[in-house]
Amino acid sequence: MANPEAKSGSSLIMPGDATSTCWSCGTMRAEHFCSACGKVQPPVPVDYFTFFGLPRKLSVEVTGLEREFYQLSRKLHPDLYSGAEAREQQWSLEQSSQLNDAYRTLKDPIKRTEYLLRLEGVELEEQSKSATEQARASGQVKKQVVPPDLLEEVFDLNMQLEELRMQKKLGEDDPSLIEEIGRQKLELEEKHEALLEELKRDWTEWDHAVDSGSEEERRKIRDKMVDVLNRRNYLRNLVRDVNEVLESGS
Amino acid sequence: MAYSDKVLDHYSNPRNVGSMDKNSQEVGTGLVGAPECGDVMKLQIKVNPQTQVIEDAKFKTFGCGSAIASSSLATEWVKGKTVEEALQIKNTEIVKELSLPPVKIHCSVLAEDAIRAAIHDWKKKNGSANANAPVPAGSQASH
Ligand code: FES
């Protein structure tokens, strides 16, 4: 459930506010630079999509984003401002670091999705806590956010990993266990990939809904994306742990 | 981040690690996870059918120190309680006992979820009469 309050508490402002009056020539509306005199502008606390002048959509064309990033980072580079006023130096520094954060977040498909969900007021941990409180109040069992068989799988594989770690410590690892874990690792990686594909399909729906969907539709797609990310989190950790154990000390 | 002494104590010397036969009629098993971090926790209880007292509890957690400490503490707390008493345990009590910082609250939530899930499983095994847990007064929740 998205919390409608969450957004109002954030310091991010809406796209319309991304532009302002140039401090130097005083007339033009400007973004990173004044479009009239070209001076670097003080950074405005905008969200990362707005920073790049993008709508809050998820199918981002990464090559275009990259091009934009390099262009801006060249123009904003603090070295260019070593002879400028102190405040310009400061602004170019701040703009550069905002640029880097924005780029790093938006180019990564998962980070981008998580970021958008946060902008949309989705608070994962809050959701989990309030579900527990509800379960307590109603005497019911809390519904787990991922399917039970995924939890089983995670648990069982962790047990095997623990055993293998132990064996390695004793210097007597069992080849059949290693083989079994290796096989599961491949399966995990496939599933992990498949979830990214699923997420990309959700993006398309989301982007569509941004233009023409009802709030209800958008909420549904948000929930779907949260669900994919939750499942993917478990798999990501597992893949990481499996690699760690398989690579250690052998 | 600094762990409290109590967390460290449970972490380096966890109580009741292990498992019980999940097919036994007297055993309830709860397996829960925290999607934020991908950690998983299994908690099992063994209930005396006559008295409804939880006579034994075991856990196994793959997760952070706070999750291990929370589940270790949870097994200690549920032992000797009746099922209905155990359902009253709140994550906030775990937070307090272990002095968990705000970022670790979800670890204690996991432990409460695990207790509930284990009890739910046990009730399911032992007849639906028990599975319809009494709804606390004031709550309109229907089953
Ligand atoms: S960090 Fe996730 S359970 Fe503790």
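The values are calculated or read from the model by the stated rules, or taken from the named source; none is laboratory data. The structure presented is a predicted model; accordingly, all values stated were derived computationally and were not measured. Cβ coordinates were reconstructed from backbone atoms using ideal geometry, including for glycine residues, and neighbour counts include every protein chain displayed. Accessible surface areas use protein heavy atoms only, side chains included; no ligands, DNA or RNA. Shrake-Rupley method; radii C 1.70, N 1.55, O 1.52, S 1.80 Å.
Structure data summary
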item: Residue-normalised accessible area of the stretch B:5-126, expressed per residue, 1.4 Å probe, Å²; result: 39
item: Percent accessible area from carbon and sulfur atoms, the stretch B:1-102, protein chains only, probe 1.4 Å; result: 48
item: Nearest-0.05 FRET efficiency for B:Ser19 and A:Arg118, computed from C-beta distance (R0 56 Å); result: 0.90
item: The stretch B:5-126: antiparallel DSSP beta bridges as a percent of all, rounded to 5; result: 95
item: A:Lys75 versus A:Met166: modelled label distance in nm, points set 7 Å from Cα along the beta carbon direction; result: 6.2
item: Hz values of 3J(HN,Hα) by residue in the stretch A:114-130 - Karplus curve (6.51, -1.76, 1.60), Gly and Pro given as x; result: 4, 5, 4, 4, 5, 4, 7, x, 7, 10, 4, 5, 4, 4, 5, 5, 6
item: Amide proton proximity set for B:Asp39, modelled H, under 5 Å, gap of 5+; result: B:Ala34
item: Angle in degrees between helix A:148-170 and the longest Cα principal axis of chain A, rounded to the nearest 10; result: 70
item: CD proxy at 222 nm, helix term only [per DSSP H run n ≥ 4: -39500 (n - 2.57); per residue of chain A; nearest 500]; result: -22500 deg cm²/dmol
item: Separation of the A:Asp174 and A:Lys200 label points, Cα + 7 Å toward Cβ, nm; result: 4.0
item: Protein-only accessible surface order, largest first, of A:Arg240, A:Arg231 at 1.4 Å; result: A:Arg240, A:Arg231
item: Loss of accessible area when B meets A, both sides summed, Å² nearest 100, probe 1.4 Å; result: 2500
item: The stretch A:152-250, accessible area per residue, ligands and nucleic acids excluded (1.4 Å, Å²); result: 56
item: Cα-Cα separations in the stretch A:199-250 greater than 18 Å, expressed as whole percent; result: 49
item: Helix-only mean residue ellipticity at 222 nm for chain B, each DSSP H run of n ≥ 4 adding -39500 (n - 2.57), per residue, nearest 500; result: -12000 deg cm²/dmol
item: Accessible area per residue in Å² at 1.4 Å probe, computed on the stretch A:108-150; result: 49
item: Efficiency of FRET from Cβ geometry, A:Met159 and B:Asp5, R₀ 30 Å, rounded to 0.05; result: 0.55
item: Reduction of at least 40 Å² in accessible surface, 1.4 Å probe, comparing all protein chains with the chain by itself, residues of the stretch B:15-39; result: B:Leu31, B:Pro35, B:Glu36, B:Gly38
item: Distance (nanometres) between label positions extended 7 Å along Cα→Cβ at A:Asn243 and A:Ser214; result: 4.4
item: Probe 1.4 Å - accessible area at A:Phe52, Å² to nearest ten; result: 20
item: Candidates B:Ile105, B:Ile45, B:Ile94, ranked by Gaussian network fluctuation over chain B, Cα under 10 Å, top entry; result: B:Ile105
